[in-house]
1. Quick one: with all protein chains in place, what share of the accessible area of the stretch 1-159 is carbon or sulfur, to the nearest percent (1.4 Å probe)?
2. Tell me, in nm to one decimal, what length is gained between His214 and Ile13 on full extension, where the rule is 0.36 nm per residue of separation less the Cα-Cα distance?
3. State the extension gain, in nm to one decimal, for the chain segment bounded by Val336 and Asp378, taking 0.36 nm per residue of separation less the distance between their alpha-carbons.
4. Which value, in Å², gives the accessible area per residue of the stretch 330-453 when a 1.4 Å probe is used on the protein heavy atoms?
5. Along the Cα→Cβ direction, 7 angstrom out, place labels at Val21 and Val398. What is the inter-label distance in nm?
6. Can you give me the distance in nm between label points at Phe364 and Leu285, each placed 7 Å from the Cα along the Cα-to-Cβ direction?
7. From the convex hull of the Cα coordinates of the stretch 293-377, what is the mean projected area in square nanometres?
8. About the Cα centre of the chain, how large is the charge dipole given +1 on each Lys and Arg Cβ and -1 on each Asp and Glu Cβ? Please answer in debye to the nearest 20.
Amino acid sequence: MPQFPEQASTNWILAAFIYTVGAIAVLLVVVGLVFIDVGLVRRRNVLDTTLQKIGAAMVGGLGTLLIGYPIWQWQFNQAFGLPRPFRQAVQDWWLGGAFTSTASRHIDPAALPEADVLQIFLVFFVTFTMATVALIHTGVVERIKPIPLYVMSFVVGAVLSPLVGYLCWGSLSPLTLRGTHDFDGVFPLYITAGTFVLVLAWRVGPRLGAFREHPSGARPASQNLSFVGIGMLLILLALPFVTIGSGFIVPDVGFFGISFTESGIGVVIINLFAAILGGAVVGLLLAYRRREPTWAFLGPISGVVVTGTLLDIGTAWQCLLVGALGPLVGLGTATVLRRLGIDDPKVVPLALGPGVVGAILTGFLKWGTPTGGYIGLDGPHAVGVGQITPWWQLAGVVATMLVAGVPALLMCLIFERFGGLRADVADEIAGLDMARWGVRNSSDDLAASVPAVAAVADPGPTVPDPAGPTGIGEAAVPSTTS
């Protein structure tokens with residue numbers, strides 16, 4: 001088999017390592033979402049919530065690994081003029097494809113330069129989907145059945161999120177070439193997940209007691225709000241590495257946004273922390289003003305979401321001020337949802353609302369900024385061929401919401417017709433940990449024998465031994481088996 005040592009250059013190996021760190025960092029986002037949900041659900045649903053979220057993330061990631069990634073690669077085959085570009089992308093990049101199954105040093109750079117980087121980018125996409133699906137699950141915790149959740153997760157990973165990425169995220173995507181701009185995955189992650197949850201939460205219905213009293217007395221209850229803060233910190237720990245992975249590293253040239261916009265690693269990280277701190281301070285003010293501590297924990301995340309399309313091309317001041325809008329947009333979105341009777345206090349207010357507002361606001365703030373294209377190409381695919389405008393940002397929002405929302409509604413209607421989406425009311429009241437797994441997450445091995453343990457600790461009065469004062473059998477020992 002021929003060898004191509006240029007594929008193993010130090011520059012490309014270093015870039016592959018950086019993208020590997022970014023891909024793994026996305027898993028920290030999933031961990032953070034687990035902590036957030038564990039803190040906000042009822043104690044008797046903690047185990048099932050954790051298991052469902054991890055299971056859904058794995059199933060969604062499998063969908064991307066099997067067949068989803070070729071959908072995103074399709075844009076590059078089109079731009080480089082390959083015949084049958086989609087079919088070729090599938091042949092090259094599905095799980096058993098030529099590029100996914102061959103070591104980089106055996107791949108001709110004329111066919112695939114920087115092969116290691118693009119292979120690692122497949123893993124980045126897989127973990128990105130895992131975060132998207134984990135976020136979708138967050139919107140319907142404590143009430144959705146597992147089979148509909150896992151089927152939908154696979155469809156999101158195999159088709160929907162990669163299709164949004166093909167349309168809106170990438171330097172050669174159809175809408176990017178016309179002026180739609182993204183950087184931190186606002187379209188394929190936040191707006192996709194938020195739209196899907198909007199439909200799914202509507203069809204599944206609110207948690208028992210969320211808007212009106214339930215006869216059983218069941219109602220939403222947070223088992224440990226401090227876990228939300230831990231989850232937020234884990235997500236913030238991951239974000240710098242995820243953000244660096246959302247761009248192109250060109251050796252001896254520099255760092256560019258995913259749509260080949262002029263940027264830099266240092267500028268992006270400064271902008272990211274400006275957005276985090278802007279959202280954090282306003283979230284803190286809302287938390288004290290409303291006596292709702294979750295805003296202090298989730299404010300920084302909303303600040304990142306609302307600036308996700310701006311981080312690579314904005315200034316630190318712009319990201320600070322726009323990031324400060326995140327919690328306010330989230331609060332307004334949550335208020336609208338409550339009036340509509342849709343029970344989702346997290347995903348739509350923090351992902352969809354700020355994601356949409358931030359994307360369109362970027363269109364105004366950076367109107368006319370060049371975007372799209374690929375280095376070395378000219379004509380309709382040259383770098384900077386598109387220009388950012390508010391209407392092309394709106395076009396990206398509408399396209400994303402249609403790609404995510406219409407299939408979500410169709411799948412909901414199918415599952416409602418065959419088996420239903422929602423867990424049985426009796427199971428919700430009893431707790432899904434016990435109903436589905438027959439255990440309590442916080443059970444104790446001595447809980448069932450507390451009376452016996454108490455008897456051992458306090459054996460009561462001594463019973464005289466009928467044998468007399470011989471010292472044998474002077475006291476009766478209470479049984480610990482009763």
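The values are calculated or read from the model by the stated rules, or taken from the named source; none is laboratory data. Bear in mind that the values here come from a model prediction, so they are computed numbers and not experimental data. With ideal geometry, Cβ positions are generated from the backbone for all residues, glycine too; neighbour counts draw on all protein chains shown. Quick note on the areas: whole protein, heavy atoms, side chains included, nothing else; ligands and nucleic acids left out. Shrake-Rupley method; radii C 1.70, N 1.55, O 1.52, S 1.80 Å.
1. C and S fraction of accessible area: 73 percent.
2. Working: separation 201, 0.36 × 201 = 72.36 nm, distance 5.84 nm.
Going from the current span to full extension adds 66.5 nm.
3. 10.5 nm
4. 49
5. Roughly 4.2 nm, to one decimal.
6. 1.9
7. On the way: hull surface 27.5 nm².
Mean projected area of the Cα convex hull: 6.9 nm².
8. 1340
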